[in-house]
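Enquirer: Let me begin by handing over the structure; questions about it come next.
The values are calculated or read from the model by the stated rules, or taken from the named source; none is laboratory data. Note that this is a predicted model, so its numbers are computed, not measured. Virtual Cβ from ideal backbone geometry, glycine too; neighbours counted across all protein chains shown. These accessible areas exclude ligands, DNA and RNA; they are computed on the full protein's heavy atoms, side chains included. Shrake-Rupley method; radii C 1.70, N 1.55, O 1.52, S 1.80 Å.
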Amino acid sequence: MRTGFNPILCLILGVFISINTSYSQKQNGEPTKDTKYKMTTPVPSGIECPVKFESRLGTLNFFDGFPDNKSVETIFDNLDFQRAVQAYLLALPPVSMVGIREGLTKYGPANVTIPTFENLMDSRSLFLTANANTPYTWMWINLKDGPLVAEIPSNVLGMINDFWFYYVTDLGIVGPDKGKGGKYLVLPPNYKEEIPEGYFVIKMKTYEGFIGWRNFAVKGDFAPAIENIKKTARIYPLSQAANPPANKFVNVSNEAFSTLAPADYKFWEYLNDVVQSSPVESLDPVSLGFYASIGIEKGKPFSPDARMKKILTEAAAVGDATARALTFRMRQTENYFYKNSAWCSPFSGGYKFEYQPGIRNLDAFSSFFFYATGVTPAMEAKMVGQGSQYAAAFVDSKGNPLYGGKNYRLHLPPNIPINNFWSVIVYDNQTRSMIQTDQQFPMVTSQNKNLQVNSDGSVDVFFGPKAPAGKENNWIQTISGKGWNTLLRLYGPLQPWFDKTWRPGEIELQK
């Protein structure tokens, strides 16, 4: 047999290879030629998707803009994770509310029980950045069975927040009763019945929420305030207003209980509780859309599959980490009272946490509800000689975290600008509750008659495992191996605080 060059065979093979290559290139999304058709319009740059590109998700592959199966799986996992993390940050307020409900109703049912820290709240109770300066009263309410009447005592400062942790109204001194006390009629969502006269009428968007207030001392004594509560505070159904049932007053001072929200998978179960029990119209569509996108939707069971449960578990961990970063390392300059200072405000954007009306400051929103309890305009209102002001510090003068095994000093210059009193309280970074040490009240305050004041009127506050000799009344105990943060509170702040002619020193590490 002759062997050699066969031009016909080569031509056939060439055509086959050309056709096969062209088909293969098209399957890979690679153009074979720059064909111009009659209806061709030049496509502006930046519109078409490349065949493949590298991203933080890895390599993503496309055929003429169409993602392959592996890329679709990667993209959807990432989308569900992103939405879950954002849902977590948006849901910090309602999940915190469920934590509060679980803690309060441990001592008795809603609408009946009136828990009060008659001997002040101390470090045994886990409660987000509460103070040990004034006795709190907290009541959980549920309007599923109809309107409630809440009789509020005189000389209190309080609020009502709904189940989303949104502000509803003030009570007491800055509320409609102006500190004289009175009867509030709290109506459930979409209440259509006739409203009787003689009440301060409050309309709720959710069925559940809390009523809380601070009780104030009379000439330095809290006993009259507690007596006043038990004499005049009441909560009962409107339907029983003619013959109100008795309430259960509970002293929860020095009680070991928690009102804290979980930061693991249980977080989503708490959120589902709020979504299922609240009207759809009580929250904005975007937040509810985030919740629905991860399987939490009104009227539907929350039953994620194994894939989604894994994503939600990780998202809760990342959400908690994000909330901690937003809180402990606030990145917005407007949060800080002074340049190159640790002192910052938890209330950036006011009680609505907005850059301007209608534009939410998402960082401030998340960090506040991770760190604090209770929303009212009174908490951030700038009232000279009245109300209160708060400054938080999470790091020392060098910007380093505050370590419980080290010693620090805070210098408060003379003429501390207060009409009433001031306090410095230390909180645990993990729980954001009062740090638990041998001290019942981890604070230094001007309420302490034994506080040591310097000859010029200034005060030094010390932090560390052991008190400096002779400084026990100016010292807050910390624990080696634990981090901490602090809040400076000014009650009845005066003008030098607002115009910044007086400012606290930084927290200085002591050698």
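Enquirer: Looking only at region 144-182, count how many residues are hydroxyl-bearing (Ser, Thr, Tyr) and outside any strand (DSSP E or B).
Expert: Step one: of region 144-182, the residues hydroxyl-bearing (Ser, Thr, Tyr) are 154, 166-167, 169.
Still in the running and outside any strand (DSSP E or B): 154, 166.
Of the residues in that region, 2 qualify.
Enquirer: For region 408-439, how many residues meet the condition of being part of a loop (DSSP other than H, G, I, E, B) and either open to solvent by 70 Å² or more (accessible area, probe 1.4 Å) or within 30 Å of Gly220 (Cα to Cα) (or both)?
Expert: First, the residues of region 408-439 that are part of a loop (DSSP other than H, G, I, E, B): 413-417, 429-433, 435-439.
From what's left, either open to solvent by 70 Å² or more (accessible area, probe 1.4 Å) or within 30 Å of Gly220 (Cα to Cα) (or both): 413-417, 430, 432-433, 435-439.
The number of residues fulfilling the criteria is 13.
Enquirer: For the subset of region 325-336 comprising residues that are of a type in the set (D, E, K, R) and without any contact (Cβ under 8 Å) to a residue 60 or more places away in the chain, which member is surrounded by the most Cβ atoms within 10 Å (Cβ to Cβ)?
Expert: Taking region 325-336 as the starting set, the residues that turn out to be of a type in the set (D, E, K, R) are 329, 331, 334.
This time we only want the ones that are without any contact (Cβ under 8 Å) to a residue 60 or more places away in the chain, so: 331, 334.
On the way: Arg331: 9, Glu334: 12.
Taking the candidates together, the pick is Glu334.
Enquirer: May I pose another question? Looking at region 158-167, can you tell me whether even one residue there is more than 27 Å from the chain's Cα centre (by Cα), of a type in the set (D, E, K, R) and either modelled with pLDDT under 95 or closer than 25 Å to Thr105 by Cβ (or both)?
Expert: Restricting attention to region 158-167, the residues satisfying the condition of being more than 27 Å from the chain's Cα centre (by Cα) are none.
No, every residue in region 158-167 fails to be more than 27 Å from the chain's Cα centre (by Cα), of a type in the set (D, E, K, R) and either modelled with pLDDT under 95 or closer than 25 Å to Thr105 by Cβ (or both).
Enquirer: Report yes if some residue within region 269-288 is open to solvent by less than 40 Å² (accessible area, probe 1.4 Å) and touching a Gly at 6+ places or on another chain (Cβ under 8 Å); otherwise report no. If you could, list the steps in order and put the result at the bottom.
Expert: Just the residues of region 269-288 that are open to solvent by less than 40 Å² (accessible area, probe 1.4 Å), to begin with: 270-272, 274-275, 277-279, 282-283, 287-288.
Filter once more, keeping what is touching a Gly at 6+ places or on another chain (Cβ under 8 Å): 270.
Yes - at least one qualifying residue is present in region 269-288.
Enquirer: Considering region 349-365 alone, what residues qualify as being farther than 16 Å from Leu283 by Cβ and either in contact with a Leu (Cβ under 6 Å, 6 or more places away or on another chain) or open to solvent by 80 Å² or more (accessible area, probe 1.4 Å) (or both)?
Expert: Residues satisfying the conditions are Tyr355, Gln356, Pro357, Asp363.
Enquirer: Considering only region 458-511, state which residues are hydroxyl-bearing (Ser, Thr, Tyr) and in contact with a His (Cβ under 9 Å, 6 or more places away or on another chain).
Expert: Looking only at region 458-511, we keep the residues that are hydroxyl-bearing (Ser, Thr, Tyr), and these are 458, 478, 480, 486, 491, 501.
Hit for region 458-511 is Ser458, nothing else.
Enquirer: If you don't mind, there's one more thing I want to ask. Tell me which of these Thr322 doesn't satisfy, since it passes every other one: (1) open to solvent by 30 Å² or more (accessible area, probe 1.4 Å); (2) closer than 28 Å to Pro417 by Cα; (3) in a helix (DSSP H, G or I).
Expert: Among (1) open to solvent by 30 Å² or more (accessible area, probe 1.4 Å); (2) closer than 28 Å to Pro417 by Cα; (3) in a helix (DSSP H, G or I), the lone unmet condition for Thr322 is (2).
Enquirer: Shifting gears a bit: Across region 452-496, what is the number of residues that are more than 29 Å from the chain's Cα centre (by Cα), within 15 Å of Arg409 (Cα to Cα) and not in a strand (DSSP E or B)?
Expert: The qualifying residues number 14.
Enquirer: Regarding Ile195, is this residue among the aliphatic types (A, V, I, L, M) and without any contact (Cβ under 8 Å) to a residue 12 or more places away in the chain?
Expert: yes
Enquirer: Looking only at region 11-60, count every residue that is in a strand (DSSP E or B) and modelled with pLDDT under 50 and tell me the total.
Expert: Filtering region 11-60 for residues in a strand (DSSP E or B) gives 52-55, 58-60.
Among the residues that remain, those that are also modelled with pLDDT under 50 are: none.
Residues flagged as in a strand (DSSP E or B) and modelled with pLDDT under 50 within region 11-60 amount to 0.
Enquirer: Here's another thing I want to ask about it. Considering (1) surrounded by 20 or more Cβ atoms within 10 Å (Cβ to Cβ); (2) farther than 30 Å from Ala325 by Cβ, say which one Thr486 fails and leave the rest.
Expert: Condition not satisfied by Thr486: (2).
Enquirer: Residues being out of contact with any Lys or Arg (no Cβ under 9 Å at 6 or more places or on another chain) and either crowded, with 20+ Cβ neighbours inside 10 Å or in a loop (DSSP other than H, G, I, E, B) (or both): count how many of those fall in region 183-201. Don't jump to the end; show me each part of the working.
Expert: First, pick out the residues of region 183-201 that are out of contact with any Lys or Arg (no Cβ under 9 Å at 6 or more places or on another chain): 184-185, 190, 192-197, 201.
Adding the requirement that they be either crowded, with 20+ Cβ neighbours inside 10 Å or in a loop (DSSP other than H, G, I, E, B) (or both) leaves 184-185, 190, 192-197.
Selection size over region 183-201: 9.
Enquirer: Which ones in region 489-505 are buried (at least 20 other Cβ atoms within 10 Å of the Cβ) and of a type in the set (A, V, I, L, M, F, W, C)?
Expert: Leu490, Trp497
Enquirer: Please go through region 253-308 and pick out each residue that is more than 18 Å from Phe165 (Cβ to Cβ), assigned to a loop (DSSP other than H, G, I, E, B) and in contact (Cβ under 8 Å) with a residue 40 or more places away in the chain.
Expert: Ser253, Asn254, Glu255, Ala256, Phe257, Asp264, Tyr265, Ile294
Enquirer: In addition: Can you confirm whether Phe257 is more than 28 Å from Leu120 (Cβ to Cβ), among the aromatic types (Phe, Trp, Tyr) and open to solvent by less than 30 Å² (accessible area, probe 1.4 Å)?
Expert: Answer is no for this residue.
Enquirer: If Ala392 passes every condition in (1) within 19 Å of the chain's Cα centre (by Cα); (2) within 21 Å of Ile425 (Cα to Cα); (3) touching a residue at least 40 places away in the same chain (Cβ under 8 Å); (4) open to solvent by 20 Å² or more (accessible area, probe 1.4 Å) but one, which one does it miss?
Expert: Ala392 satisfies all of (1) within 19 Å of the chain's Cα centre (by Cα); (2) within 21 Å of Ile425 (Cα to Cα); (3) touching a residue at least 40 places away in the same chain (Cβ under 8 Å); (4) open to solvent by 20 Å² or more (accessible area, probe 1.4 Å) except (4).
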